[in-house]
Each structure stands twice: as C-alpha cells, then as structure tokens.
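Chemist: Please see the structure below; I have some questions.
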Amino acid sequence: MQDTVKEKAKGKASNLIAGATGDWEVIVGMEVHAQVASKAKLFSGASTAFGGEPNDHVSLVDAAMPGMLPVINEECIAQAVRTGLGLKAKINLDSVFDRKNYFYPDLPQGYQISQYKSPIVGEGEVEIDVDGESKTVGIERLHLEQDAGKSIHDQHPDYSYVDLNRSGVALMEIVSRPDLRSSKEAQAYVTKLRTILRYLGTCDGDMEKGNLRADVNVSVRRPGEPLGTRCEIKNVNSIRFIGQSVEAEARRQIGILEDGGKIDQETRLFDAAKGETRSMRSKEEAHDYRYFPDPDLLPLELQQSWVDGLAKDLPELPDEKRARFMKVYGLSAYDASVLVAERESADFFEAVAKGTDGKLAANWVINELFGRLNKEGKEIATSPIAAAQLGGLVRLVQDGTISGKIAKDLFEILWTEGGDPAEIVEKRGMRQVTDTGAIEAAVDAIIAANPDKVEQVKAKPSMLGWFVGQVMKQSGGKANPQAVNDILKAKLGI
Amino acid sequence: MQVDEATVRRIARLARIRITDEEAKALEGELSGILAWVEQLDEVNTDNVPPMTRVADMKLKKRADEVTDGEKADDIIANAPMTEDHYFVVPKVVE
C-alpha cells in the first residue's frame, strides 16, 4: 500500500516526459460537452435534428425574442440523471439554472442558461484501462446547459453568418478531476465516457458532428511538486486530436519552463494541420461571466422515487458486461473489452454465442467478422452475415461437422451469397471427413507415392507437416486434421 | 461599497453600454448609492437561513420531449438588419 501511495505521488515512470533538464509529469483534466439525445431542445419545442436549412430548427425562444420564456424538456433532465447514474455519481435532487453572461453573435440571449453552483449531478467516477492497467478517473460534476448557435466566417470578407439551429440544444458538460497523466489516459477516458453515453442512449457520441467534444486542460510539473499553471485547449473534436493536443501542449509548456519562462493561464486552440496549439486571441474580460440564478426558471426539484425508477431501467453498462463476458463465456479481458466497446457488437456476440462455445464464438466475431467489416468499411449494423448465420457456422465447427479451414470458405460464402450454413455444408459437400477408412486410403496413397519423403520423415519428425498438408489437399480440406495426424503417425511409425 | 469610475466603465463594457464621461461620473454616485442601500440587508443575521429561491409556491413547469416549434425561418429573421439565405448577417467576428 505504501508503495502505491509513493508511486502515485511520484508519478508513474512510464508516463513521464523527458525534458532537457529532467523529467516532467503532465496533468490533464477534461470538460466534455455531450449533446443530450432528445427530439426537442432543452427549453423550447424546436427540433434538435442535425443540419437543416439555416434557422429552420429555431423557435422564438431560441432566437431570444423579447418576452419568450424557457420551459424545460423533461426528457433532457432524465437523460442527465441517467448519465449521472451511469457514472456512479451523486444525483442532486435540488439544482439551479444560472445565467452565464457574455456577448457573441451566436448567443442571442446574451447569456447561456447553465448550472453553476448547484449542478444536477455531483461526484462520480469512470474506470479506464491503459496498457492493461486500470485506473479510476474522478468526475467532479455534470451539468445541463444550452448549446450556442453557429457562426460561419468564410462566406463573406466583411461579415459573419449566423445560424441558430443548434441554439438551445441541450448539452451535458461533464467535468473530470485532473486525474489523467498522459495523452493515452486522456484518450482512454474520452473513449470510455463515449462508450458509457452510447450504452445509456443519452448521447450518440458522434464526434464528427460535434455531438461530443472536449475542452482539454493541460499543465506540467516536476514529479511530486504542486500543480503547475494550466492552459485550456478548446473544442477538440476527435480522440486522435485529444492525444495529439495533450502531447503538443505538454511539450510547449516544458519548453517554456526549461527556458526559464512561465506559463500564462489562457485558452488555446489545437491546430491539427500543424500539430500544435496556439493562443486564442483572448476575449476581453472573457472570464467575467457574472453568473446569477435565472429568474425565468424555478429550481429543478427531483423526486428520489423518480430517480430510482430511472436507475431500475438502466441498461447493463460496459464494465459489468465485460465482467460477465469473462465469467460466463470464459473470455480473456482483451476479447471481452473489444466486444463491449460498442453495445451492438456485444449484442451481436451474445446472439452468436447462444448455444455455442463462447471462446470460439468470440474468435469468429472478433477475428473473422470484425476483421472483414473493418476491411470493407462496414458497420456491425450493416454486416452481410447475421448473428444467427455466424452462430450456425460456429456450431458446425464446434461439433466437428466442418474443419476450421472449410469454415473460412463457408464464411466467405455466407458473406458473399448468404444462406443457411448447415444447408450450404450439406449441399456443397463440405462436411469434414472423419471416416478413418477414407483418410487411411489417402494416407496410403501419399506414402506409396513418396518413398523418399518417408525416409526423411523418420529422421526428422517435423516433416510430418508436409504429409498432413498433402492429405488435406487431397481431401479438399475436408479431412479431420486430428484424425489425419493420428493415422499418419501410426503408419509412418513416428 | 464605493464604486469608482474604472468599475463603472468595466460594468458598462461588460453590458455593452456606451457611456459618456459625464454619465460615468454620474453613475459612480448612483451605483454607490444603490449598493449602500442594499447593504442595509447586511444588518440582518442570516446564519443558518437557507437562501430563498422563490416567492411563489410553484414548481418548475416541464414540457414533453416533442417537436412542436420551428420551421419558421422567415419569422426568425424578420427583424434582422441584414440577412442572406435565411442566415443572420453580422459584422465579422472571428477569433
């Protein structure tokens, strides 16, 4: 225990970044903005659908017309609570909406409705795995807030264009503790958070559409020393860029500190093309948001019984599912992790594994099916082979009806032509030959035709593979390899 | 609490209100007066009194998650000084 504590204080050696004057530790905390999966906006009845013609998904509330009043969407509250439960977090039965005041053309209200002092969700945690080691990342809070509209700057040399379709869409801001110690951990955290949100169905996690994006706070320090000054990298919108931005920002800060400089706390942008972060021209007095409770909204009060109801209907989450897959199907931690990364994959696997050997099913799903889907750029949802078909194939392998090699041919047929696995095997004569008489005949023929090889194999038993290959070839891959091996050994006397 | 001119200018700037030098001087006195008046509340002991969050005995109204609004871009931009293709057009703002 003592060692673990010391280890923690010093920082894990493998995570340290070597500078010119010694090692540095990078400290990362994140604010993830996740768009709540809902049909309508947080405080209006306008649609949240992506895209749409400019200003088509906008109500007079979202455009902040005088006299319009916000009315909260009940489902958005439920989604935030579900997410909180999924993060094993404290649900605050009383929370408050505040106004965060600033001016920007895509924020017609002149303030964002957010939650400041009393968020809907308090402290929780997320388990991550990096290089086979697991770690708990603390969640500080989750609050509900409005998204802003969108400004487009490249349509005109002198003007910006504003579309309010996103204005008022519900976001969950999920704030982590500064518990992350490397770019890999930062990536693992967002990946895991995304998986949890997708399992819960509270955010679709689509980073390309900006439905999940992260503000990444980075600072560096000498191991064991107090936290350094942090910089916030805004709106990083892919897992890869999150990793790159942490690396780039840590190196920049280390460079400054080693040259005797100091870090200015500021907001920065990650420039993916150059692979570096750069300062955002700091908004004047940007940090004076003058929060105060929104007088248009009463406090949000939840009933414990309502929260309990949501908890009861929560789906099985990735960590629990992984543990179950390892226990029930005997899968390795790695295979189980691959399968539970997406709920659809996990469901597909379970359908394949119904009535078959779990490990064998996992092999076929991960190595053959996922491999092929990846290669052809397809998703599990559009897989040409259904779970029932792959399950049928696995059963045929398991009960010895077909050999592993023939199973790959069968997989190919299922992929390109479809059909019922058992029927195909019957019709096309793909059954494995376990009839020892037939195999013996084949073995005798090979031995008779290759007297020189027979001499060689007696001196060098590893030559046996050549004989096995010949017999398999002659049987069109249908001979049972174990039977071939046994009979060959007996006849060759090795 | 005394409000100085720099504070007055800062508040005006945050609220995007343009004020003249004379107005700034006048507001210095007015804002200080308002704050002094509100500060009388400090005389009341509020230890162990939870903050009052509402005066009416009402609960927060909620709506169902249904799309009931939107599809009125013409109305939304009707009063905008400048528009194009249903976008609001504003002086260039770019980071």
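The values are calculated or read from the model by the stated rules, or taken from the named source; none is laboratory data. Since the model is a prediction, treat every value here as computed from it, not as a measurement. We place every Cβ from the backbone using ideal geometry, glycine too, and count neighbours over all the protein chains shown. We work out accessible area using only protein heavy atoms, side chains counted, and drop any ligands, DNA or RNA first. Shrake-Rupley method; radii C 1.70, N 1.55, O 1.52, S 1.80 Å.
Chemist: Checking B:Asp75 against (1) within 14 Å of chain A (Cβ to nearest Cβ); (2) loosely packed, with under 13 Cβ neighbours inside 10 Å: exactly one of these is not met. Which one?
Modeler: (2)
Chemist: Quick one: would you say A:Asp94 is farther than 28 Å from A:Thr267 by Cβ, assigned by TED's automatic domain parsing to the domain that holds A:Arg198 and in contact with a Pro (Cβ under 7 Å, 6 or more places away or on another chain)?
Modeler: Taking the combined requirement at face value, the residue satisfies it.
Chemist: If I filter region A:38-56 for residues that are farther than 30 Å from A:Arg181 by Cβ, at pLDDT below 95, of a type in the set (Gly, Ala, Ser) and part of a loop (DSSP other than H, G, I, E, B), do I get at least one hit?
Modeler: For region A:38-56, residues farther than 30 Å from A:Arg181 by Cβ, at pLDDT below 95, of a type in the set (Gly, Ala, Ser) and part of a loop (DSSP other than H, G, I, E, B): present.
Chemist: While we're on this one: Would you please list the contacts, defined by Cβ atoms under 7 Å and residues six or more apart or on different chains, that run from a residue in region A:437-448 that is within 11 Å of A:Ala479 (Cβ to Cβ) to a residue that is open to solvent by 40 Å² or more (accessible area, probe 1.4 Å)?
Modeler: Once the first residue is within 11 Å of A:Ala479 (Cβ to Cβ) and sits in region A:437-448, its partners that are open to solvent by 40 Å² or more (accessible area, probe 1.4 Å) give A:Ile439/A:Val433; A:Ala442/A:Gln474; A:Val443/A:Lys491.
Chemist: Of the residues A:Gly309, A:Gly260, A:Gly243, which single one is in contact (Cβ under 8 Å) with a residue 12 or more places away in the chain, small (Gly, Ala, Ser) and more than 14 Å from every other protein chain (Cβ to nearest Cβ)?
Modeler: A:Gly243
Chemist: Name the residues in region A:80-104 that are under 28 Å from the mean Cα position of the chain (by Cα) and outside any loop (DSSP other than H, G, I, E, B), would you?
Modeler: Those that are under 28 Å from the mean Cα position of the chain (by Cα) and outside any loop (DSSP other than H, G, I, E, B): A:Ala80, A:Val81, A:Arg82, A:Thr83, A:Gly84, A:Leu85, A:Gly86, A:Ile91.
Chemist: Among all residue pairs at least 6 apart or on different chains, which show Cβ distances below 6 Å where the first residue, located in region B:80-95, is at the interface with chain A (Cβ under 7 Å from one of its Cβ atoms) and closer than 13 Å to A:Ile152 by Cα and the second is open to solvent by 40 Å² or more (accessible area, probe 1.4 Å) and not in a strand (DSSP E or B)?
Modeler: From residues that are at the interface with chain A (Cβ under 7 Å from one of its Cβ atoms) and closer than 13 Å to A:Ile152 by Cα, the pairs are B:Val89/B:Met82; B:Val90/A:Pro105; B:Lys92/A:Asp158; B:Val93/A:Pro105; B:Val94/A:His153; B:Glu95/A:Arg281.
Chemist: Looking at A:Gly309, A:Gly243, which one is of a type outside the set (Asp, Glu) and either under 30 Å from B:Met58 (Cβ atoms) or outside the structural domain of A:Arg177 (by TED's automatic domain parsing) (or both)?
Modeler: Of the residues listed, the single one that is of a type outside the set (Asp, Glu) and either under 30 Å from B:Met58 (Cβ atoms) or outside the structural domain of A:Arg177 (by TED's automatic domain parsing) (or both) is A:Gly309.
Chemist: Working carefully through the options A:Ile128, A:Ile77, find the one that is more than 8 Å from chain B (Cβ to nearest Cβ) and either in contact (Cβ under 8 Å) with a residue 40 or more places away in the chain or not in a helix (DSSP H, G or I) (or both).
Modeler: The match here is A:Ile128.
Chemist: In a loop (DSSP other than H, G, I, E, B), open to solvent by 50 Å² or more (accessible area, probe 1.4 Å) and within 14 Å of chain A (Cβ to nearest Cβ): does that describe B:Ile17?
Modeler: yes
Chemist: Considering only residues that are more than 7 Å from chain A (Cβ to nearest Cβ) and open to solvent by less than 80 Å² (accessible area, probe 1.4 Å), look in region B:37-72 and name the one that is nearest to the chain's Cα centre (by Cα).
Modeler: Filtering first and then ranking leaves B:Val38.
Chemist: With the structure loaded, tell me whether B:Ile34 is open to solvent by 80 Å² or more (accessible area, probe 1.4 Å) and within 14 Å of chain A (Cβ to nearest Cβ) or whether it fails that test.
Modeler: In short, no.
Chemist: On the given criteria, is A:Ala272 of a type in the set (Gly, Ala, Ser), at pLDDT below 95 and surrounded by 13 or more Cβ atoms within 10 Å (Cβ to Cβ)?
Modeler: The answer is yes for A:Ala272.
Chemist: I've got another one for you. Kindly indicate whether any position in region A:81-89 is of a type in the set (Ser, Thr, Tyr) and either open to solvent by 40 Å² or more (accessible area, probe 1.4 Å) or facing chain B (nearest Cβ under 10 Å) (or both).
Modeler: no
Chemist: Can you tell which of A:Leu171, A:Leu142, A:Leu107 is over 18 Å from the mean Cα position of the chain (by Cα), buried (at least 20 other Cβ atoms within 10 Å of the Cβ) and within 14 Å of chain B (Cβ to nearest Cβ)?
Modeler: A:Leu107
Chemist: Going through region A:110-125 one residue at a time, which ones are over 30 Å from A:Ser160 (Cβ atoms) and within 13 Å of chain B (Cβ to nearest Cβ)?
Modeler: If the condition is that a residue be over 30 Å from A:Ser160 (Cβ atoms) and within 13 Å of chain B (Cβ to nearest Cβ), then A:Lys117, A:Ser118, A:Ile120 are the ones that fit.
Chemist: Continuing with this model, one more query. In region A:110-125, how many are out of contact with any Pro (no Cβ under 9 Å at 6 or more places or on another chain), assigned to a strand (DSSP E or B) and open to solvent by less than 10 Å² (accessible area, probe 1.4 Å)?
Modeler: 2
Conditions (1) outside any helix (DSSP H, G or I); (2) surrounded by fewer than 14 Cβ atoms within 10 Å (Cβ to Cβ), marked per residue:
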site	(1), (2)
A:Glu412	no, yes
A:Trp415	no, no
A:Gly429	yes, yes
A:Ala438	no, no
A:Ile447	no, no
A:Lys453	no, no
A:Val457	no, no
A:Val468	no, no
A:Val471	no, no
